[in-house]
1. Give the residues of the range 167-197 whose amide nitrogen is closer than 20 Å to a point set 7 Å from the Cα of residue 242 in the direction of its Cβ.
2. Starting from the range 6-89, pick out the GluC sites (Glu not before Pro) whose DSSP state is loop and whose Cβ has at most 12 other Cβ atoms within 10 Å.
3. Greater than 32 Å separation of Cα atoms is the criterion. Which listed pairs, 59/130; 37/59; 307/339, meet it?
4. Grab the Cα-Cα distance for residue 17 and residue 229, subtract it from 0.36 nm times how many residues apart they are, and report the gain in nm with one decimal.
5. For the pair residue 307/residue 320, report the inter-label distance in nm, with labels modelled 7 Å from Cα in the Cβ direction.
6. Give me a comma-separated list of calculated 3J(HN,Hα) values for the range 262-275, in order, Karplus coefficients 6.51, -1.76, 1.60 applied at θ = phi - 60°, integers in Hz, x for any Gly or Pro.
7. What's the extension gain from residue 88 to residue 340 if we count 0.36 nm per residue and subtract their Cα-Cα distance?
8. Determine, from the Cβ-Cβ distance of residue 81 and residue 50 and an R0 of 35 Å, the FRET efficiency 1/(1 + (r/R0)^6), rounded to the nearest 0.05.
Amino acid sequence: MEKVGETFTCISCRVMFDNPEDQRVHYKSELHRFNLKRKVLDLPPVTLQTFNSKLEALKVEEKTQKDPTVYECRICDKQFSSEGPYNQHLISKKHKLNVEAGVPEKIRVRKPKEEKVPEKVPETLEEAEKMVEEKIKNTPKLPLEHCLFCRHVSATLDENVDHMAKQHSFFIPDIDFLVDLPGLLRYMSDKIAVGNICLYCSGKGRALHSLEAVQRHMIDLSHCKMNYDTEENSDEYIEFYDFTNSYKDRSNPDDELKDNLVITEGEMILPDGTVIGHRDYAVYYKQHYQVANVRQSSIAKIINQYKTLGWHEVTRSTQEIDQKIRHRQNVMALKVGMKKNNQRHHRLQLLIN
């Protein structure tokens with residue numbers, strides 16, 4: 001950027017201006033940005049005419065990509081997206097046989113491809129709630145006799161449960177305490193059909209946008225089951241169960257639990273034997289004591305059993321015991337020497353004076 005007298009220039013584009021206003025407008029133009037990028041790559045700048053021609057060529061190329069040319073062979077009733085495969089088809093044996101046989105041309109009116117309209121993303125909580133209400137209102141609900149995982153429709157609700165158990169291995173957990181089977185099935189049916197949510201994933205996986213997609217997902221990944229593994233997940237279905245029968249003999253389960261608790265100084269022992277200690281004694285709870293070696297006591301028991309059967313140990317002399325110990329030491333030294341011998345080739349060590 002230089003100023004020569006009353007003339008203003010742009011070194012990157014190699015153009016001149018009569019006033020600074022035109023120069024400032026040029027600095028904001030796409031031509032100047034394009035030439036700056038070419039300058040970084042050590043390429044010469046282009047003129048405005050060349051730049052406009054490049055833009056027009058780029059627009060034509062984008063238009064051809066949006067509306068691609070379709071090559072069609074009406075005799076064989078085939079379509080090709082490019083010219084190369086179309087020319088290869090024309091010289092193929094099958095196409096020539098169809099031409100020789102006089103196969104009539106097939107003219108079909110093909111529907112244009114519909115552009116996918118992107119889904120509207122709610123910006124506020126009110127818009128999200130409104131979209132959910134509209135979806136619940138417009139989405140048809142499945143009958144209770146309809147299978148949750150396929151298109152099968154049973155005659156009764158019990159037959160539907162039996163079908164899901166035999167065909168999809170779907171079992172309702174804690175069924176002895178279930179008090180509202182229709183309500184549970186209605187909730188899971190709306191979760192799949194209206195919410196498009198997998199029963200096991202509960203919305204934690206990828207988003208699914210149709211009932212068929214959810215059913216296919218659950219069958220492919222063996223998710224035809226309720227997420228009932230943890231207490232947090234089981235709380236989702238707690239309103240359909242009644243567990244009061246499990247402690248009907250107790251007057252008050254909390255009082256019984258308190259009676260069975262054993263509280264000492266710094267510790268609390270639960271009815272199942274679990275010990276809960278105070279954090280001040282954490283350093284002691286982290287200690288791990290070695291388990292006593294029970295091998296010697298087991299050997300002693302076996303020897304006593306042998307002695308009752310009439311076995312007597314043969315006494316050995318000191319010389320025999322020492323010989324056996326030396327033999328073991330030699331074997332161990334040989335093993336260690338072979339393991340530690342990492343020299344690949346023997347090299348004779350010569351001392352030259």
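1. The answer is 172-187.
2. Those satisfying the criteria are 6.
3. Pairs exceeding the cut-off: 59/130; 307/339.
4. 68.7 nm
5. 1.9 nm
6. 10, 10, 10, 6, x, 9, 9, 9, 7, x, 7, x, 5, 9
7. 83.9 nm
8. Between residue 81 and residue 50 the formula returns 0.65.
A short reminder: the numbers here are calculations on the coordinates, not readings from a lab. What you see is a predicted model; the values in this text were computed from it and never measured. Backbone-built Cβ (ideal geometry, glycine too); neighbour counts: all protein chains shown.
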